[in-house]
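What follows is a single structure, written as structure tokens, with notes after it.
Any read-out appearing in this document is the output of simple, stated calculations on the displayed coordinates, not a laboratory observation. Computed from a predicted model, the values in this text were never measured in an experiment. Cβ placement follows ideal geometry from the backbone for every residue including glycine, while neighbour counts extend to all protein chains displayed.
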Amino acid sequence: MPQPFLFRVIDKAVYDYGMIQEGDRILVGASGGKDSTALIHYFANRQKRRGEHFEFTALHIQSEITPPLDSGLSALFQDWGVVPETLDVRVLGRLKEGRRMNCWWCSTQRRTELLDYAIANGYNKLALGHHLDDVLETLLMNMLNRGELSTMAPGMRYRNYPLTIIRPLYYADVGAIKEHGKKFGYIGTTCTCSYQDNSGRKEARRRLEQLTDGDVAKKTRLLASLKNICPEYLP
């Protein structure tokens, strides 16, 4: 039986960048959104169809401003043979006086908790749900706001910690992830907290759509350009 289209796209990224090896212990952030849910679905499927010897755990970081995992989503996880773990974190109390809560701060705090949990519990990899559009939006933001040619890497090993970040959705566009979610009966929850402020990301998303007309092939070529560099035509 052929694999879902999204899984084939993820397989290619995993192969190209050697993201999964025998004996890996991988922690996956389970936010409840479509991206992390698709990633968890993929890991559960990969273990069954390939018989690879790696472990993975789905960890949900729950705070006073983030909702618990949806009961329907939890039921799907159970169908996939996944028992998610939950870690309660108080985020608001960490803000320094005079600072305002925003999406970047909240995501940074949750990422820190994932990293700390992974290191404390012997995981060697942390899988994040960033997809092709996230990567290209970050590229545009860094170019336009920082004058820097950089973006999220498909794999990154920390220098000071025994941990590697992997992004298996690196080649997957947001449309493919949405279609996959519809086909397999889940709709990721969206953060609706009153502290939302991600206007920079939204503007980058708008610019990316203008630049590519929403065409996946153009987005893929834009990503490929980061590896097809012609130094003689650069300053």
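Brief remarks on what is shown
- Cleavage-rule hits, chymotrypsin sites (Phe, Trp or Tyr not before Pro), the stretch 69-178, DSSP coil, Cβ neighbours within 10 Å at most 14: Tyr158
- Averaging the sequence gap over all C-alpha pairs within less than 8 Å and six or more residues apart, then dividing by the number of residues, gives the chain a relative contact order of 25 percent.
- As computed over the stretch 36-160, the Cα convex hull volume per residue (Å³): 157 Å³
- Extension gain, Arg146 back to Ile65 (0.36 nm per residue minus Cα-Cα distance, nm): 26.1 nm
- Eligible lysines near Lys178 by straight Cα distance, threshold 24 Å, same-chain separation 8 or greater: Lys12, Lys34, Lys48, Lys202, Lys218, Lys219
- Beta bridges assigned by DSSP with both partners in the chain are antiparallel in approximately 15 percent of cases.
- Of the trypsin sites (Lys or Arg not before Pro) in the stretch 1-93, those whose Cβ has at most 16 other Cβ within 10 Å and which sit in DSSP loop: Arg90
- Relative contact order [Cα under 8 Å, 6+ residues apart], the stretch 38-160, whole percent: 18 percent
- Inter-probe distance in nm under a simple model that places probes 7 Å from Cα toward Cβ, at Phe184 and Leu211: 3.0 nm
- Loop-resident GluC sites (Glu not before Pro) (DSSP state other than H, G, I, E or B) in the stretch 49-149 with no more than 10 further Cβ atoms inside 10 Å of their Cβ: Glu97.
- The chain: Cα Rg divided by the 2.2 N^0.38 Å rule of thumb: 1.03
- Net charge of Cβ neighbours under 11 Å - reference Leu163; Lys, Arg +1; Asp, Glu -1: +3
- Adding -39500 (n - 2.57) for every DSSP H run of four residues or longer, then dividing by how many residues the chain holds, sets the calculated 222 nm ellipticity at -14000 deg cm²/dmol.
- Computed from the C-beta positions of Trp104 and Asn160 and an R0 of 22 Å, the FRET efficiency is 0.45 to the nearest 0.05.
- Mean projection area, nm², convex hull over Cα of the stretch 1-55: 4.0 nm²
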